[in-house]
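Read through the structure below, which is laid out as C-alpha cells, and then see the notes.
Throughout, read-outs are computed from the coordinates displayed, never taken from laboratory work. Owing to the predicted nature of the structure, the values given are computational and were not obtained by experimental measurement. Cβ placement follows ideal geometry from the backbone for every residue including glycine, while neighbour counts extend to all protein chains displayed.
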Amino acid sequence: MIAAVQSANQISPASERAYHQSNLIGDWNGTWSKTHQPVEFKVLNIRGNKAQVEYTHNGRTERGYGTVNGSAITYGNVTIATRDGKNAAMQSLVGKMEMTGVLSKSAAPAADQNKLVGIWNSDASTPGQSASFQVRAISGRDAQVTYTVNGQTQQGIGTVYGNAVMFGKMQVSSDDGLNGKVIYPVGSQTLSLSVKKNIAVDKVA
C-alpha cells in the first residue's frame, strides 16, 4: 500500500526523508511509563542528519544536537521516534536501565502562525549576505512564501512548525513576531541571519 501511494504521488526518497524529518519538529510532552515523571523533548530544527533539541527531565533542561536517522532522533542515551508526527515513542537507556514513554506533540497556537505572516528582511550585520523572506498567507500548516537570497528569488508553499516556516532548506522563525532568524544554505555551509519584520507594509490599503 505504501509503495502504491509513493508511486502514485511520485515521492522521491529525498522528499520522503524530508517529510519524515519534518514530522519530528515540534514540542513533545509526555511521561515515563514506570515513574510517571513528566518529560519534554523539543526539536527546534533539523539540518541534514543533525537536529537542534532541548530535553527536559527531572526538572532540568539539556540543550544540544541529536542525530537524525529516518523518523527518529537520538540525543545522548535518549531516542524519540514518530510515525504520524502527532504521537511519539521515547526510550532512555542508561547502562542496563531502560525507560520508555509515550509523548504527544503540542499543537501550535494560531497566534504563533499569524506572527509569521509578513516580510522579513535581514539586517546589515553580515557583510556580503542578504535575505528577504515573505510569508504571504498561512492556512493550517501550509504557508505561501517568497524568498530572495543574494538576489535569487523563489516562491512556493512552505510548512509551518510552531514559530517557524520551512521552505526547502530555508527557514524563518520568530518568537515575538518582530525579530527573527532566517537560516539558509550557501554552498556547503548553513548561514543564519537576524531578520526584522517590515511593519510598515503590514496595513497598506
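Some notes on this structure:
- For segment 110-201, diffusion coefficient by Stokes-Einstein and Kirkwood Rh (Cα), 25 °C, 0.890 mPa s, µm²/s: 191
- Here the 3J(HN,Hα) profile of segment 84-90, calculated from phi with Karplus coefficients 6.51, -1.76 and 1.60 at θ = phi - 60°, is 10, x, 10, 10, 9, 9, 10 Hz, Gly and Pro shown as x.
- For peptides 129-142, 176-189, sequence by mean Cβ density within 10 Å, most packed first: 129-142, 176-189
- Under-5 Å amide H pairs with V195, H placed in peptide plane, nonlocal only: G180, K181, V182
- Taking each residue as 0.36 nm, the span from D123 to V186 lengthens on full extension beyond its C-alpha to C-alpha distance by 20.9 nm.
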